[in-house]
Ligand code: DQQ
């Protein structure tokens, strides 16, 4: 393994806090850097890992490269929050151990409470092989000791791709630990493998929980989540190499999962590798990785953002619903506008400017073919990002093709609204280069946008091919650092 040469990885908490604060300060003038999303003080992050509520506080771990804003030498970074909104940086939790089963990286995994002992279950990578490892803490989740028995599970069953065997998601049921791991079939598509254990250390393979077809859900699955929701069970998988996230809803009886509904979470976007947690209020919360898409290289000094938390639920048809966690309302620093407006074709909202906004918009069908917003808009419209409902195709669209005059990567993302009726509720969070949108509490699209002009700050309502009515609320949001 390459010895980390970038950021420190073994600082005590006071020194880490000082390091993190200094790093965050470095980026305060970067207009693309989010102000209220969690991301590491500097360098790279990808998947959220090991989210757990422990003694009333939420711990978030994350894939972290201390050596720069690119994937490699993967550690677990760590942060803690009292309220899911404000996060405090904590020292790096896991680093690769030279000569160990995680010598080349501490890949994704989860955190569980093993009879009062906080325990991380993660994938170690060494020499191209992946195996499951444990680490425990005795000082309130600050420092972690790797299990002397690592790896606790070294190789996958026959018929499964031997070099893709990762991302443990573990739960306890009737006094037994269960674990799902993701891989791909040697002949076939992705697979989620089901295991059980009395003690997290001895694992027995049961059977595949679900297998997929290459044509529909890709070659390899990653980052499985499997959990009860209402009276059903939900399986979420991330599809590699396509970077899309699929979910299945069905029943789990006698260890067998029978999916009935299949959908795509956040189609077309930069949202990947989500991890969920059931909190002490019984809510199923979900965070994902928002990848960079702007081709900025390593010059920015940071890359990757953790999404805002969403609360999952099911509709009567077994479709997955999602809403931003209500705690995020704490971010509101100023209510900029609350209005009902007729939109003839395009209407600037003078009161609203900025890239740190929450927008709630109810758009009514009217005679327009498309209704929505232009965001991050320069005064002459040279740069803008469009978010709109296309009533003809019944789609939600983010069109970022003109988001930036200089950065690469802005495309068009679409998601099916499915019989939108006469009005659609849009809930948007804009934070520097991050745009997260939820429509009608059931469809999410996420985009990264990198306007090049300092004055690309305006917001405009737009209606194409007719008129419409909208009601609108906009808040300026504060920073969490
Ligand atoms: N990222 C991790 C893997 C996981 C992938 C490595 C998904 O454990 O499968 O950084 O982004």
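Tell me the angle of helix 13-26 to the major Cα principal axis of the chain, expressed in degrees between 0 and 90 and rounded to the nearest ten.
30 degrees
By average Cβ neighbour count within 10 Å, what is the ranking of 118-125, 7-14, 161-168 from highest down?
Answer by packing, highest mean first, reads 118-125, 161-168, 7-14.
Calculate for the chain the 222 nm mean residue ellipticity that helices alone would give, adding -39,500 (n - 2.57) per DSSP H run of length 4 or more and normalising by residue count, nearest 500 deg cm²/dmol.
Calculated at 222 nm, the ellipticity per residue is -1000 deg cm²/dmol.
Please give the FRET efficiency for residue 405 paired with residue 202, using the beta carbon to beta carbon distance and R0 = 45 Å, rounded to the nearest 0.05.
0.15
When a footprinting reagent is the concern and you count Cβ atoms within 10 Å, what order do 219, 204 take, fewest first?
Result, fewest neighbours first: 204, 219.
In which sequence would 425, 231, 266 go, from the one with the fewest C-beta neighbours within 10 Å to the one with the most?
Starting with the residue having the fewest Cβ neighbours, the order is 231, 425, 266.
With only alpha-carbon atoms in the gyration tensor, what are the semi-axes of the equivalent ellipsoid for the chain, in Å, largest first?
38, 26, 19
Tell me, what is the percent relative contact order of the range 331-398, built from C-alpha pairs under 8 Å that lie six or more residues apart?
Result for the range 331-398 is 20 percent.
In which sequence would 52, 359, 28 go, from the one with the fewest C-beta neighbours within 10 Å to the one with the most?
Lowest count first: 28, 52, 359.
Once you keep just the Cα pairs under 8 angstrom separated by 6 or more residues, what percentage relative contact order results for the range 187-239?
33 percent
Packing-wise, with mean Cβ within 10 Å as the measure, how do 78-84, 299-305, 105-111 rank, highest first?
Result, highest mean first: 105-111, 299-305, 78-84.
Could the peptides 180-188, 443-451 be put in order, highest first, of the mean number of other beta-carbon atoms found within 10 Å of their residues?
443-451, 180-188
Counting pairs of alpha carbon atoms under 8 Å apart in space and at least six apart in sequence, what relative contact order in percent does the chain give?
Averaging sequence separation for qualifying contacts and normalising by length gives 13 percent for the chain.
Only the coordinates and a few stated rules stand behind these numbers; no lab work does. For clarity, every value in this text was computed on a predicted model and none was experimentally measured. Here the Cβ is made from the backbone with ideal geometry for all residues, glycine too, and neighbour counts use every protein chain on show.
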